[in-house]
Amino acid sequence: MNNFEELELNPELISAITELGFVAPTPIQELVIPVLLESERDLVGLAQTGTGKTAAFGLPMIQKADVNIKHTQGLILSPTRELCMQIAKDLQSYSKNNKNIRITAVYGGTSIENQITELRKGSHIVVGTPGRTLDLIKRNRLNVSKINTVVLDEADEMLSMGFKEDLDGILEGTPENKQTLLFSATMPAEISRISKKFMKNPIELSAGTKNIAAENVKHIYYEVHARDRYEALKRISDMNPKIYGIIFCRTRRETKEIADKLIQDGYNADALHGDLSQAQRDSVMNKFRSKHLQLLVATDVAARGLDVDELTHVINFNLPDENEVYIHRSGRTGRAGKSGISLSILHMREKHKLRSVEKIVGKKFEKMLVPNGKEICAKQLYNLVDRVENVEIDESQIAPFIEAIYKKLEWLNREELIKKFVSVEFNRFLSYYKGSKDLNKVEKSREDTRRNRDESGRRRKDQDSRRREDSVRRRDRDDANFTRLFINVGSSTNLNPASLIGLINKYTKERNIDIGKIEIMKNFSFFEVDKAFEKSILKSFDDADFNNIPLVIEVANPKQSIQKSPSSRNFKRRENFKGKENYSRLKKKGKKRRDKK
């Protein structure tokens, strides 16, 4: 399909999106728009980030809205306030020629009273985050009992962020005969659950293969020692002088540390994480969108809603814990028909994780070598020459200074002048990378392997002993900031790190709790949390459950741990490990709670 007229959109919408630069519909728009205009059936749309999902559901919703009816007719739910604001902004742009239609965004981090005032004026379409939307419904300020259409955008992200209960609460108050539209980049089991519970025989439309990354993204990786990861990041950035990308980290703490280091080392970078106020977040995101920042260091949650079409790179400082998250990350580059690069910096023990990511992405990743100092200097030199060659000259502004400059430099001939000019920038990189080491993993020869095999065997017991001692010392050091908690569920009940984090988000209603080491055992687990949230977590998990199992959480004994036997693949417990006793005691405690219910 070559144009939007063939989709039977009304002239007001066609003129608006034409002015916005829309030329031809994307695959997901071509599939979804005709169905939504002609049918009231429920729909599941699967497409990657940046493929035009907002226009796919937004244009039909605007066209079908009746401006003569004052109550809310459409509700769009999104995982973050940034994405909520972006969707509302896009819908307002699409509808600028549709008179009298009102679109309101409701989200946390700002005055609820102002949003209530906007809702009183009448809103045909409301775009909201789950938490704020449910709050407004409970206050009787937002009436969803008469809506015609509800959209769950980035549904997989909302579930991973712990919004399952909020979504259930919102959807249960909507009419049974509404049209439900669910859009997602991936199709995890929870999405299937929602579609079965709240949708009636939905049509499933997929622009591409489920859970598969975009075709125009190149996937590469570098393999270094963990201690060299930050140095490798700098070299990769220096090797790409025109880089414009997002660096993804796992935690807020790591995000701050990497951003601070980059800024101190002179890179044009900043951080985006949960500790920033809304004003600070807006400032950082506006600078990045306007390309006043080259590198944005962010967590996955903080980056949601950052709609940028021209990213050259997505950098995984760490591979994500969930493979589907990699698809979301990589989908932020290679958008709007452009190509992009998704690169990962792996340490020596992450190779196995890479293979599982390759499997879900459906592509083999290309291994590249971290550039050395000579290669970087050459790249920077040619980049400087290109910049000089293509710079625009403002004759009127520079004219008053030209005569003095000529006089100052008249003693230099052409060759000397060029050398000095180039060296101003080039010498900085030459000096920095002088004598720099090779960061790439060096494969051991067979002879080295044989020579070290016996020595490795002798060292194994000593290493295991040191590892235990290091663990104790690390825990002693971290005890000042973290509390270690015991929970009475484990892998046998399908608990994993992602679902544990989801439980914490769900029951505490907090999105900014620092989580340390997580140990998932068969029937119970341990996890570390910021000590400041200890009481809040213990209180929040009263009457909590997981897969119909009543949850019991308490502060763990500092000595509780599990170690791997140096002589066996099986795990064994230390003599002072009380996990088994705790599990039995808390199992009985949970049973009493279940019987009481």
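The values are calculated or read from the model by the stated rules, or taken from the named source; none is laboratory data. Computed from a predicted structure; not experimentally measured. Backbone-built Cβ (ideal geometry, glycine too); neighbour counts: all protein chains shown.
Show the residue pairs meeting these rules: Cβ distance below 6 Å; 6+ apart or different chains; first residue within the range 129-157 and in the same structural domain as H71 (by TED's automatic domain parsing) and surrounded by fewer than 22 Cβ atoms within 10 Å (Cβ to Cβ); second residue among the aromatic types (F, W, Y) and assigned to a loop (DSSP other than H, G, I, E, B).
From the range 129-157, the pairs are R132/Y107.
Just give me the residues in the range 262-286 being within 29 Å of F163 (Cβ to Cβ), touching an Asp or Glu at 6+ places or on another chain (Cβ under 8 Å) and either among the hydroxyl-bearing types (S, T, Y) or without any contact (Cβ under 8 Å) to a residue 40 or more places away in the chain (or both), in sequence order.
A271, V284
Is it the case, given these coordinates, that A24 is farther than 30 Å from S145 by Cα and not polar (S, T, N, Q)? I'd like the intermediate steps shown before the answer.
Numbers: farther than 30 Å from S145 by Cα: yes; not polar (S, T, N, Q): yes.
Yes, satisfied.
Kindly establish whether S342 is closer than 22 Å to P241 by Cα and either free of Cβ contacts under 8 Å to residues at least 60 places away in the same chain or among the β-branched types (V, I, T) (or both). Even if it seems obvious, please write down each step before you answer.
On the way: closer than 22 Å to P241 by Cα: yes; either free of Cβ contacts under 8 Å to residues at least 60 places away in the same chain or among the β-branched types (V, I, T) (or both): no.
No, not satisfied.
Since D530 meets every condition but one in (1) out of contact with any strand residue (DSSP E or B) (no Cβ under 6 Å at 6 or more places or on another chain); (2) within 15 Å of Y507 (Cα to Cα); (3) not polar (S, T, N, Q), which condition does it not meet?
(2)
Taking the range 479-500 as the search range and keeping residues that are of a type outside the set (S, T, N, Q) and in contact (Cβ under 8 Å) with a residue 60 or more places away in the chain, which one is surrounded by the fewest Cβ atoms within 10 Å (Cβ to Cβ)?
D479
Do you know which of the residues in the range 522-547 that are surrounded by fewer than 19 Cβ atoms within 10 Å (Cβ to Cβ) and of a type in the set (A, V, I, L, M) is nearest to F163 (Cα to Cα)?
Result: A544.
Report whether or not L346 is in contact with a Phe, Trp or Tyr (Cβ under 8 Å, 6 or more places away or on another chain) and surrounded by 19 or more Cβ atoms within 10 Å (Cβ to Cβ).
So L346 passes the test.
If V32 meets every condition in (1) of a type outside the set (S, T, Y); (2) in contact (Cβ under 8 Å) with a residue 40 or more places away in the chain; (3) surrounded by fewer than 23 Cβ atoms within 10 Å (Cβ to Cβ) apart from one, which number is that one?
(3)
Could you look through the range 353-398, keep only residues that are of a type in the set (D, E) and closer than 16 Å to P241 by Cβ, and pick out the one that is surrounded by the fewest Cβ atoms within 10 Å (Cβ to Cβ)?
Checked the range 353-398; the qualifying residue surrounded by the fewest Cβ atoms within 10 Å (Cβ to Cβ) is E389.
Going by what's in this entry, would S283 be described as under 22 Å from F365 (Cβ atoms) and over 12 Å from the mean Cα position of the chain (by Cα)?
In short, no.
Pick from the range 267-284 the residues that are at pLDDT 90 or above and in a loop (DSSP other than H, G, I, E, B): which of them is nearest to A302 (Cα to Cα)?
For the range 267-284, the residue satisfying everything is N268.
Are any residues in the range 411-429 over 22 Å from K234 (Cβ atoms) and loosely packed, with under 11 Cβ neighbours inside 10 Å, and if so, which ones?
Within the range 411-429, W411, N413, R414, E415 meet the criteria.
Taking the range 288-303, which residues are in contact with an Asp or Glu (Cβ under 7 Å, 6 or more places away or on another chain) and surrounded by fewer than 23 Cβ atoms within 10 Å (Cβ to Cβ)?
If the condition is that a residue be in contact with an Asp or Glu (Cβ under 7 Å, 6 or more places away or on another chain) and surrounded by fewer than 23 Cβ atoms within 10 Å (Cβ to Cβ), then L293 is the only one that fits.
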